[in-house]
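Computed from the coordinates by the stated procedures, all read-outs in this text should not be read as laboratory data. Nothing here was measured: the structure is a model prediction, and the numbers come from that model. We place every Cβ from the backbone using ideal geometry, glycine too, and count neighbours over all the protein chains shown.
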Ligand SMILES: Nc1ncnc2c1ncn2[C@@H]1O[C@H](COP(=O)(O)OP(=O)(O)OP(=O)(O)O)[C@@H](O)[C@H]1O
């Protein structure tokens, strides 16, 4: 097994109701890479990630994680993966203590280890006093922090994040960005899906842009800039996805909003 290639995707295709949403994705991801996985709404980002996590079947193509074909029925690889989903499905009636020890045990930690680690990670986020409060009473940012802790508790080798900064205040954003770069520097492979282009631009070692279920750009931010001759990642994104109508769409929208009845 080649541990350098943490993730390898070959000709990945997926269709829903007869319509292809992934049209042959190819990707090789090495240990410690921080991939910014971006694309317009509906491009197929979540579908790709859900396939990689083993949550969706019915695809064609070859997906290998840590060298193992994920379709071979052995789910052992999932123990080495962490996932921060876009929509937090936390168990509202539980406390972080209950929820995080439950998740920790699912990943093979002992109750005591999970509890000890979770408590200290909560403390890092300034949430030590809320460790035994119900998640139902938490703000959006507090929930997001619990979600991040739950994805990292077992120190995964491969981490998938979908809009992980959503709801976090500016200080917490700095902390989480720093956590991700330190993890990546220590060998954790990170797959970061987000629409916040300036963050993706800054933290990714490599950016993969998909549109209509295909990889349309793959490289460092610098390489993408050179390819499209644009400045910021937002501009590169607009250019590579052929979008230059923001003003016209906004004008039309505002004129409809302000129509006199
Ligand atoms: N369960 C489903 N059934 C049918 N179509 C689906 C299903 N899930 C996703 N799709 C379709 O697949 C396409 C890709 O969706 P996906 O959620 O992967 O996009 P995305 O790139 O993550 O978009 P966003 O940026 O809006 O989150 C869309 O056209 C969507 O309508």
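Pairs linking a residue in the stretch 187-198 that is within 18 Å of residue 151 (Cβ to Cβ) to a residue that is away from the ligand (no atom under 16 Å from the Cβ) and in a helix (DSSP H, G or I), with Cβ atoms under 8 Å and 6 or more positions apart or on different chains, are 190/180; 190/183; 190/184; 192/180; 192/203. Residue count for the stretch 1-33 under the criterion of being touching a helix residue (DSSP H, G or I) at 6+ places or on another chain (Cβ under 8 Å) and farther than 18 Å from residue 60 by Cβ: the result is 2. In the stretch 85-107 there is at least one residue matching the filter, namely being touching a strand residue (DSSP E or B) at 6+ places or on another chain (Cβ under 7 Å) and surrounded by fewer than 17 Cβ atoms within 10 Å (Cβ to Cβ). Say whether the condition of being more than 12 Å from the ligand (Cβ to nearest atom), surrounded by fewer than 17 Cβ atoms within 10 Å (Cβ to Cβ), part of a strand (DSSP E or B) and free of Cβ contacts under 8 Å to residues at least 24 places away in the same chain is met by at least one residue in the stretch 27-47. Within the stretch 27-47, one or more residues are more than 12 Å from the ligand (Cβ to nearest atom), surrounded by fewer than 17 Cβ atoms within 10 Å (Cβ to Cβ), part of a strand (DSSP E or B) and free of Cβ contacts under 8 Å to residues at least 24 places away in the same chain. Looking at 248, 185, which one is loosely packed, with under 12 Cβ neighbours inside 10 Å and within 23 Å of residue 84 (Cβ to Cβ)? That would be 185, the only listed residue that is loosely packed, with under 12 Cβ neighbours inside 10 Å and within 23 Å of residue 84 (Cβ to Cβ). Against the criterion of being in a strand (DSSP E or B) and in contact with a strand residue (DSSP E or B) (Cβ under 6 Å, 6 or more places away or on another chain), residue 200 does not qualify.
The lone criterion from (1) farther than 14 Å from residue 160 by Cβ; (2) exposed (fewer than 15 other Cβ atoms within 10 Å of the Cβ); (3) within 12 Å of the ligand (Cβ to nearest atom) left unmet by residue 55 is number (1).
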